[in-house]
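Asks: Before we start, here is the structure in question, set down as structure tokens.
The values are calculated or read from the model by the stated rules, or taken from the named source; none is laboratory data. What you see is a predicted model; the values in this text were computed from it and never measured. Because the Cβ atoms are built from the backbone with ideal geometry, glycine has one as well, and the counts that use them run over all protein chains shown. For the accessible areas, the whole protein counts, side chains as well, though only heavy atoms, and no ligand, DNA or RNA atoms are used. Shrake-Rupley method; radii C 1.70, N 1.55, O 1.52, S 1.80 Å.
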Amino acid sequence: MSPKQLEDMYDAVIVGAGAAGLSAALGLLRSPEIKEMKENGIDPKILVISKLQPLRSHTGSAEGGIAASLGNVEADDWHWHYYDTVKGGDWLVDQDAAKLLAEYAPETVINLERQGVAFSRTDDGHIAQRRFGGHTREFGGEPVKRAAYAADRIGHQILHALWQQCVAAGVSFAEEWYVTDLVLDGDGSRAAGVVAFDTHAGKVKPVHARNVLFATGGAGRLFHTTSNSWDLTGDGMALVLAAGLQLEDVEFVQFHPTGLAHTGILLSEAARAEGGVLRNADGEAFMERYAPGHADLAARDVVSRSIMAEIDAGRGVADPKDPDGPKDCVWLDMTGIDPDHMRAVLPQVVETIEKYADIDPAKDFVPIKPTAHYTMGGIPITTDGEVYRWSGDGTDGTRRIVEGLFAAGECSCVSVHGANRLGGNSLLDACLFGTRAGRTLAARIAAGPVDDPMAADDPETQERDDALSSAVDAAAGTRQADLQVLLDSPADIDETDADSGADTDDNPYRLMADLGSTMERAAAVRCDANGLETAMTAIDGGLAPRAKALAAHDRTAAFNQEVTAIWEVRHLVALGRAVLAASDARHESRGSLKRNDFPERDDERFLAHSMTDARGAISWQPVHIVDVPPKKREY
Ligand SMILES: Cc1cc2nc3c(=O)[nH]c(=O)nc-3n(C[C@H](O)[C@H](O)[C@H](O)COP(=O)(O)OP(=O)(O)OC[C@H]3O[C@@H](n4cnc5c(N)ncnc54)[C@H](O)[C@@H]3O)c2cc1C
């Protein structure tokens with residue numbers, strides 16, 4: 001679906017149609033303010049733009065579950081979920097936000113059920129839940145189960161249910177439109193709209209909007225080995241940087257412990273929740289040694305580091321598909337799980353192992369290694385989804401809201417995950433804070449909707465809208481020129497252009513692979529100053545200039561996927577710089593960031609959020625500690 005004609009001005013444009021974007025659209029449309037406007041004959045103009053058909057958004061790949069204390073063990077109420085989230089994030093969590101996350105988690109899950117999510121069921125008909133990593137293990141010998149699941153396809157259920165609700169509510173989608181620019185007003189204090197490339201028509205379009213919400217997902221494609229789909233190129237985060245804003249805590253990238261060897265494809269934590277055990281080359285269930293309390297279901301950063309420690313100590317194994325290759329994997333042993341139960345509750349995991357590794361997990365061990373999975377940091381937002389700019393440093397700093405700019409989901413950082421996210425908390429974050437952002441947007445729209453006759457007559461509003469519109473048109477003009485350069489450049493000669501010395505054979509896919517290897521060497525699971533510096537030099541001295549010089553090999557604009565891939569890899573390069581700069585600035589180890597040269601957590605200097613801009617300049621924002629003072633983190 002695509003709009004036949006764009007409106008002159010939208011009340012709201014939502015970029016992204018995963019759990020966060022769709023939740024925001026529904027939160028907005030179902031708010032009392034919007035209902036009242038509609039009753040009064042005012043229909044707000046809203047558009048959801050997605051570079052993919054919405055049902056291909058990565059949310060659909062989520063496997064294990066969505067976290068909530070639904071009370072399957074009486075002693076487990078949301079306060080424990082709140083505590084586990086703060087501890088899981090190594091105390092770099094804004095506790096006011098985490099409190100909301102845990103408190104409203106049960107309501108969020110039950111709402112999802114009412115939208116049509118077909119959760120798996122217990123024998124007595126309740127929503128089925130399983131244990132998940134880093135969540136409280138047990139109360140009085142009874143296991144605490146927080147991840148509400150639908151076999152191992154929870155994301156598929158959520159995405160389909162939300163999308164169907166949006167279609168029923170008449171949401172207008174622009175599908176397979178790629179947003180290339182975020183446009184703010186002259187001093188960067190207010191959103192003016194976006195520029196989008198309609199891939200069907202091959203045309204650059206200015207999209208004017210009084211409010212813009214980014215829900216563009218994560219950036220796993222920064223790394224070579226990743227569980228993330230090909231579209232997760234950090235577009236929203238990079239566009240925010242390009243617009244002169246900052247990213248928060250961008251150095252924290254989660255590596256999921258169990259990526260299938262050498263493919264990176266995720267084998268959900270549910271595999272361990274259902275009884276899977278990690279073993280080294282000696283067959284030892286080594287997690288008992290590293291995390292005696294939680295063993296295989298310790299937090300993900302702890303498990304990933306333990307796997308790497310086993311590999312470093314020479315107790316790794318080779319991928320059976322490449323028996324003479326490096327011993328850079330360990331085993332996932334699922335042979336203790338009843339085979340019928342395994343197929344019933346882990347169909348996706350079993351299918352992935354059978355299809356991509358030719359292994360029967362009921363009989364043989366499965367080779368795994370950590371895979372880039374989730375970006376804890378992102379676009380800084382308040383608990384109402386408003387994007388802000390941080391100015392000053394430490395307690396002297398202030399948050400300044402960018403009017404009309406919102407974000408939600410994995411591209412954002414409301415700081416509920418801190419330095420390491422707990423399993424099941426991400427879908428919850430996307431659905432809960434997506435809905436909250438939608439409601440805040442609704443209140444703003446009600447205060448001054450586009451087709452409100454009163455507002456239209458106001459000369460001041462008119463003048464401001466004109467200025468914002470011109471800014472969007474100008475940005476679209478610049479992007480059109482950029483597109484023309486990509487299409488007109490001589491890359492289609494397909495050989496080295498001897499005169500210019502340019503490698504016309506270069507392409508965005510090769511560049512993405514090189515960037516992924518560079519980032520992996522420098523920053524996967526652990527890092528140090530030397531490695532980070534080497535990677536930064538590689539980006540500035542080679543990868544960034546290559547990204548700038550890329551051109552398409554076909555001159556057709558419509559359906560030219562190489563054009564969008566070029567913009568995507570440029571975004572990844574910009575984001576890679578920010579990740580390296582922030583990692584370099586944090587002289588401590590916390591959560592997913594393990595600095596070999598600074599092995600300890602340092603609360604005195606670094607109990608603070610990094611705020612990084614496009615130049616790599618960093619300031620520090622205090623963490624909101626509300627109820628749980630920092631202490632040593634042990635599992
Ligand atoms: C394999 C896997 C399994 C997971 N399992 C779980 C789990 O069990 N539990 C859990 O809580 N979390 C899980 N996660 C994490 C969770 O699924 C994601 O964090 C969450 O779904 C992100 O939702 P989102 O709406 O923010 O982004 P996404 O679902 O990734 O959607 C992003 C949207 O943005 C659009 N977009 C991006 N860039 C542009 C652009 N430039 N122009 C236009 N549109 C754009 C895309 O088209 C897409 O619609 C898993 C993740 C993976 C990869």
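Asks: Take region 338-357 and flag every residue that is in contact (Cβ under 8 Å) with a residue 24 or more places away in the chain and out of contact with any helix residue (DSSP H, G or I) (no Cβ under 8 Å at 6 or more places or on another chain).
Replies: Residues of region 338-357 in contact (Cβ under 8 Å) with a residue 24 or more places away in the chain: 341-342, 344-349, 352-353, 356-357.
341, 344, 347, 348, 352, 353, 356, 357 - these are the residues of region 338-357 that are in contact (Cβ under 8 Å) with a residue 24 or more places away in the chain and out of contact with any helix residue (DSSP H, G or I) (no Cβ under 8 Å at 6 or more places or on another chain).
Asks: Here's another thing I want to ask about it. For region 108-137, give me each residue that is in contact (Cβ under 8 Å) with a residue 60 or more places away in the chain and more than 24 Å from the chain's Cα centre (by Cα).
Replies: The answer is 120, 136, 137.
Asks: Report, by residue number, each residue of region 390-413 that is open to solvent by 10 Å² or more (accessible area, probe 1.4 Å) and within 12 Å of the ligand (Cβ to nearest atom).
Replies: Restricting attention to region 390-413, the residues satisfying the condition of being open to solvent by 10 Å² or more (accessible area, probe 1.4 Å) are 390-401, 403, 410.
Answer for region 390-413, where residues must be open to solvent by 10 Å² or more (accessible area, probe 1.4 Å) and within 12 Å of the ligand (Cβ to nearest atom): just 410.
Asks: Run down 68, 102 and say which single residue is more than 13 Å from the ligand (Cβ to nearest atom) and buried (at least 20 other Cβ atoms within 10 Å of the Cβ).
Replies: On the way: 68 fails: more than 13 Å from the ligand (Cβ to nearest atom).
Every option except 102 fails the conditions.
Asks: Then there is this: Against the definition (within 27 Å of residue 258 (Cβ to Cβ) and either of a type outside the set (Ser, Thr, Tyr) or open to solvent by 20 Å² or more (accessible area, probe 1.4 Å) (or both)), how does residue 332 come out, yes or no?
Replies: yes
Asks: Looking at this structure, is residue 529 crowded, with 20+ Cβ neighbours inside 10 Å, in the same structural domain as residue 594 (by TED's automatic domain parsing), at pLDDT 95 or above and closer than 29 Å to residue 590 by Cα? Quick ask: steps written out before the conclusion?
Replies: Numbers: crowded, with 20+ Cβ neighbours inside 10 Å: no; in the same structural domain as residue 594 (by TED's automatic domain parsing): yes; at pLDDT 95 or above: yes; closer than 29 Å to residue 590 by Cα: yes.
Against the criterion (crowded, with 20+ Cβ neighbours inside 10 Å, in the same structural domain as residue 594 (by TED's automatic domain parsing), at pLDDT 95 or above and closer than 29 Å to residue 590 by Cα), residue 529 does not qualify.
Asks: Could you figure out which of (1) open to solvent by less than 10 Å² (accessible area, probe 1.4 Å); (2) in a loop (DSSP other than H, G, I, E, B) isn't true of residue 387?
Replies: Of everything listed in (1) open to solvent by less than 10 Å² (accessible area, probe 1.4 Å); (2) in a loop (DSSP other than H, G, I, E, B), residue 387 misses just condition (2).
Asks: With respect to residue 146, is the statement that it is in contact with a strand residue (DSSP E or B) (Cβ under 8 Å, 6 or more places away or on another chain) and either of a type in the set (Phe, Trp, Tyr) or surrounded by fewer than 24 Cβ atoms within 10 Å (Cβ to Cβ) (or both) true? Walk me through it before giving the result.
Replies: Working: in contact with a strand residue (DSSP E or B) (Cβ under 8 Å, 6 or more places away or on another chain): yes; either of a type in the set (Phe, Trp, Tyr) or surrounded by fewer than 24 Cβ atoms within 10 Å (Cβ to Cβ) (or both): no.
No; evaluated as a whole, the condition is false for this residue.
Asks: Residue check: is residue 284 touching a Leu at 6+ places or on another chain (Cβ under 9 Å), part of a loop (DSSP other than H, G, I, E, B) and either away from the ligand (no atom under 15 Å from the Cβ) or farther than 23 Å from residue 431 by Cα (or both)? Break it down into steps so the answer makes sense when it comes.
Replies: On the way: touching a Leu at 6+ places or on another chain (Cβ under 9 Å): no; part of a loop (DSSP other than H, G, I, E, B): yes; either away from the ligand (no atom under 15 Å from the Cβ) or farther than 23 Å from residue 431 by Cα (or both): yes.
For residue 284, the condition - touching a Leu at 6+ places or on another chain (Cβ under 9 Å), part of a loop (DSSP other than H, G, I, E, B) and either away from the ligand (no atom under 15 Å from the Cβ) or farther than 23 Å from residue 431 by Cα (or both) - is not met.
Asks: Quick one: count up the residues across region 216-228 that are near the ligand (Cβ under 7 Å from one of its atoms) and either open to solvent by less than 10 Å² (accessible area, probe 1.4 Å) or closer than 13 Å to residue 263 by Cβ (or both). Working first, answer last.
Replies: We begin by selecting, within region 216-228, every residue near the ligand (Cβ under 7 Å from one of its atoms); these are 216-218, 220, 227-228.
Restricting the remaining residues to those that are either open to solvent by less than 10 Å² (accessible area, probe 1.4 Å) or closer than 13 Å to residue 263 by Cβ (or both) gives 218, 220, 227-228.
The qualifying residues number 4.
Asks: Another question, if that's okay. List the strands (runs of 3 or more DSSP E) that sit entirely inside region 119-220 and contain at least 3 residues that are touching a Pro at 6+ places or on another chain (Cβ under 8 Å). Before the answer, list the steps.
Replies: Numbers: elements: 172-175, 177-184, 191-198, 203-208, 212-214.
Ranges flagged: 172-175.
Asks: Same structure again: Filter region 105-119 down to the residues that are more than 19 Å from residue 88 (Cα to Cα), open to solvent by less than 40 Å² (accessible area, probe 1.4 Å) and either at pLDDT below 95 or aliphatic (A, V, I, L, M) (or both) and list them by number.
Replies: Result: 109, 112, 117.
Asks: Now for a different question. List the helices (runs of 4 or more DSSP H) inside region 417-496, counting only whole elements, that have at least 1 residues being within 16 Å of the ligand (Cβ to nearest atom), open to solvent by less than 20 Å² (accessible area, probe 1.4 Å) and farther than 22 Å from residue 28 by Cα.
Replies: On the way: elements: 425-447, 453-457, 459-488.
Those helices (runs of 4 or more DSSP H) span 425-447, 459-488.
Asks: Among the listed residues 152, 124, 198, which satisfies the condition of being of a type in the set (Asp, Glu), within 15 Å of the ligand (Cβ to nearest atom) and either surrounded by fewer than 14 Cβ atoms within 10 Å (Cβ to Cβ) or not assigned by TED's automatic domain parsing to the domain that holds residue 43 (or both)?
Replies: From the options 152, 124, 198, the qualifying one is 152.
Asks: Given (1) within 13 Å of the ligand (Cβ to nearest atom); (2) of a type outside the set (Asp, Glu); (3) at pLDDT below 95; (4) within 30 Å of residue 440 (Cβ to Cβ), where does residue 188 come up short, assuming only one miss?
Replies: Answer for residue 188: the failing condition is (1).
Asks: Mind listing whichever residues of region 31-65 are touching a helix residue (DSSP H, G or I) at 6+ places or on another chain (Cβ under 8 Å), more than 11 Å from the ligand (Cβ to nearest atom) and within 16 Å of residue 172 (Cβ to Cβ)?
Replies: Correct list: 34, 43, 44, 46.
Asks: Now a separate question. Kindly check whether there is at least one residue in region 555-564 that is touching a Phe, Trp or Tyr at 6+ places or on another chain (Cβ under 7 Å) and touching a residue at least 24 places away in the same chain (Cβ under 8 Å). Steps first, please.
Replies: We begin by selecting, within region 555-564, every residue touching a Phe, Trp or Tyr at 6+ places or on another chain (Cβ under 7 Å); these are 564.
Checking which are touching a residue at least 24 places away in the same chain (Cβ under 8 Å) leaves us with 564.
The answer is yes, given that some residue of region 555-564 is touching a Phe, Trp or Tyr at 6+ places or on another chain (Cβ under 7 Å) and touching a residue at least 24 places away in the same chain (Cβ under 8 Å).
Asks: Looking at region 77-96, can you tell me whether even one residue there is among the charged types (D, E, K, R), surrounded by fewer than 21 Cβ atoms within 10 Å (Cβ to Cβ) and modelled with pLDDT under 95? Give the steps one after another, and end with the answer.
Replies: So in region 77-96, the residues among the charged types (D, E, K, R) come out as 77, 84, 87, 90, 94, 96.
Applying the additional criterion that residues be surrounded by fewer than 21 Cβ atoms within 10 Å (Cβ to Cβ) yields 77, 96.
Narrowing further to those that are modelled with pLDDT under 95: 77.
So far as region 77-96 goes, yes, one or more of its residues are among the charged types (D, E, K, R), surrounded by fewer than 21 Cβ atoms within 10 Å (Cβ to Cβ) and modelled with pLDDT under 95.
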